[in-house]
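The values are calculated or read from the model by the stated rules, or taken from the named source; none is laboratory data. This structure is a prediction, so every number in the text was calculated from the model and none was measured. Methodologically, a virtual Cβ is constructed for each residue, glycine included, from the backbone with ideal geometry; neighbour enumeration extends over all protein chains shown.
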Amino acid sequence: MSVPLPTSAPMDFVTPEVPRSVLQLRKIAHQFGSKIVLRNVSLDVFSGETLVILGDSGCGKTTLLNISAGRMEPTSGEVLIDQKSLASQSVRERRIIYLDQESLLFDHLNVFENVAFSLRLAHRPRDEVNRRVGEILRSVELEDHAQHSSWQLSGGQRQRTAFARAILANPKVLLLDEPFCSLDGRSRASMQELYIKLRADFQMTSVFVTHDVKEALRVGSRFAMMRDGMLKTYPSRQAFMEDESTGVSDEIRFWRETSE
Amino acid sequence: MNRLHRFFALLALWTLLAPVGMLVSLSIGSGWSYPRLLPDRIDLLPWRVFFASRDGIVTALLHSTMMSLLVSASSTLLGLVAGRSLRKHASLWLRVIAYIPFGVSPMVIGTCLYDLEVHLGVAGRMMGVLMAQFIFAFGFSTVLFCELWNTRTDRLESLVIELGGSRWSIWRHAIWPYAHRLILVSLLQTALYSWLDYGLISVLGGGNVPSITLTLYSYIREGSVNQAAQSGLVLMLPPVVGFAVSMSLLRPRHDGEKTN
């Protein structure tokens with residue numbers, strides 16, 4: 001028996017939340033001299049997601065990230081950040097942070113000051129700086145290293161510091177260019193776990209470039225494959241895993257055969 | 001091996017210090033004639049006479065100091081800028097030009113510049129000498145600072161802007177911490193170059209521009225042993241201080257160990 005709807009109250013239509021596109025690449029093409037590096041690449045990066053771009057060395061991943069960050073002008077095409085052309089915004093307005101495998105720290109500052117860098121530049125009150133830096137240092141498990149100089153840190157600790165600094169700067173998009181590839185296996189796994197935790201805690205939107213299939217599957221929420229300057233995005237994790245060209249099936253086959 | 005090492009160290013020290021000791025004793029001794037082993041009198045009277053003399057030693061000192069400061073400040077400042085633009089828009093011929101002063105004798109360049117300086121009306125004047133010294137010092141600074149502007153400084157600059165920094169923040173955090181040693185070395189080296197210059201001053205100054213090197217040679221020519229030794233010591237003082245400062249600047253900053 002159906003219950004009649006009350007006629008006096010207006011009906012609430014709940015519209016499903018449409019993910020907001022933070023970064024958009026529109027028909028990006030790029031060439032160095034006569035060498036074509038990117039061919040007509042279009043892409044949307046949605047709020048809160050980690051788009052993983054998998055691809056072999058030299059396929060154009062870093063060039064794509066450099067163009068997305070506004071560090072390079074594409075030969076043709078357009079980059080939009082929050083629906084506005086990247087070229088029309090100053091670097092500060094863009095709020096894009098680029099992290100790569102060599103975690104770049106300010107050697108003359110200690111870990112605390114490295115992490116507090118963006119807050120100091122924004123002239124935030126001292127109490128707020130201490131509180132927020134303390135919190136983030138706890139999140140990245142560096143609270144005991146706050147007063148250490150950057151040269152006293154291991155590769156993993158340096159990377160954590162760079163991450164913490166980037167998160168406190170509250171970027172619209174974080175661009176990660178094989179950030180963990182210089183770390184040993186154990187540090188790498190721990191950084192991947194930390195990354196997943198931070199992404200959830202801080203609702204980070206990021207593009208994560210890697211050539212490691214396992215890393216891609218571990219950290220990614222959406223997937224794309226780059227080959228010969230062309231980008232193929234996948235509608236789902238399943239579609240990505242089933243595509244022979246991604247190398248996921250090879251990896252699964254290898255581990256199955258090894259364990260037998 | 002240790003003894004041999006110590007022997008050569010002492011020999012080197014003796015070789016360095018013996019001439020200085022000789023100069024000091026010549027500068028404070030009077031009535032020292034062959035075959036006496038020691039001078040008749042040892043006191044500071046010759047120094048008082050030296051500075052009170054009307055030979056223009058004070059004028060020469062002031063001129064040399066002023067020229068050193070002007071040459072070092074201008075060449076370091078412009079070398080910093082030129083090194084950056086040379087690095088950014090590297091073209092082979094510009095680099096070759098920067099190295100020319102190292103490959104040609106100052107006397108040759110001085111002679112080549114002479115006609116030009118006569119034409120400009122600066123031959124035989126301090127401006128003419130400064131122009132010629134600047135060519136050498138500027139080449140040195142430019143080549144020195146080329147090494148500063150590398151991909152790391154580029155990336156640090158980008159990072160500072162991405163984190164919300166201004167031009168001043170770029171200078172303070174991305175350039176100065178890495179450049180200050182080179183800047184000080186350049187200031188010292190170019191000042192010393194100008195301080196010790198004899199060739200350009202004698203060719204282009206035409207005897208009208210007093211300097212401490214010219215004074216020293218004139219005392220040697222006329223056989224004034226006391227004054228020549230005193231001028232030599234005055235001439236040596238800045239290089240010794242400069243050498244000590246350079247050594248302390250070039251000493252590695254970190255001697256701690258990494259923590260893991």
Select from region B:125-161 the residues that are of a type in the set (A, V, I, L, M, F, W, C) and either touching a strand residue (DSSP E or B) at 6+ places or on another chain (Cβ under 7 Å) or outside any helix (DSSP H, G or I) (or both) and write down the one among them that is nearest to residue B:184 (Cα to Cα). B:148
Exactly one of B:20, B:71, B:24 is part of a helix (DSSP H, G or I), modelled with pLDDT of 85 or more, within 27 Å of the chain's Cα centre (by Cα) and within 30 Å of residue B:150 (Cα to Cα), and that residue is B:71
Does residue B:188 fit the bill of being modelled with pLDDT of 90 or more and over 28 Å from residue B:79 (Cα atoms)? no
Could you please give the count of residues in region B:162-177 that are in a helix (DSSP H, G or I) and either in contact with a Phe, Trp or Tyr (Cβ under 9 Å, 6 or more places away or on another chain) or buried (at least 17 other Cβ atoms within 10 Å of the Cβ) (or both)? 7
Assuming residue A:54 fulfils every condition listed in (1) closer than 22 Å to residue A:235 by Cα; (2) in contact with a His (Cβ under 8 Å, 6 or more places away or on another chain); (3) free of Cβ contacts under 8 Å to residues at least 60 places away in the same chain apart from one, which condition is it? (3)
Applying the selection to region A:82-108, what residues are among the hydroxyl-bearing types (Ser, Thr, Tyr) and within 12 Å of another protein chain (Cβ to nearest Cβ)? A:90, A:98, A:103
With the requirement that a residue be among the acidic types (Asp, Glu), surrounded by 15 or more Cβ atoms within 10 Å (Cβ to Cβ) and not in a strand (DSSP E or B), what does region A:32-90 give you? A:49, A:82
For region A:111-131 the number of residues that are more than 11 Å from chain B (Cβ to nearest Cβ), surrounded by fewer than 19 Cβ atoms within 10 Å (Cβ to Cβ) and outside any loop (DSSP other than H, G, I, E, B) is 5
Can you find a residue that is in contact (Cβ under 8 Å) with a residue 24 or more places away in the chain, aromatic (Phe, Trp, Tyr) and away from chain B (no Cβ under 14 Å) anywhere in region A:137-156? no
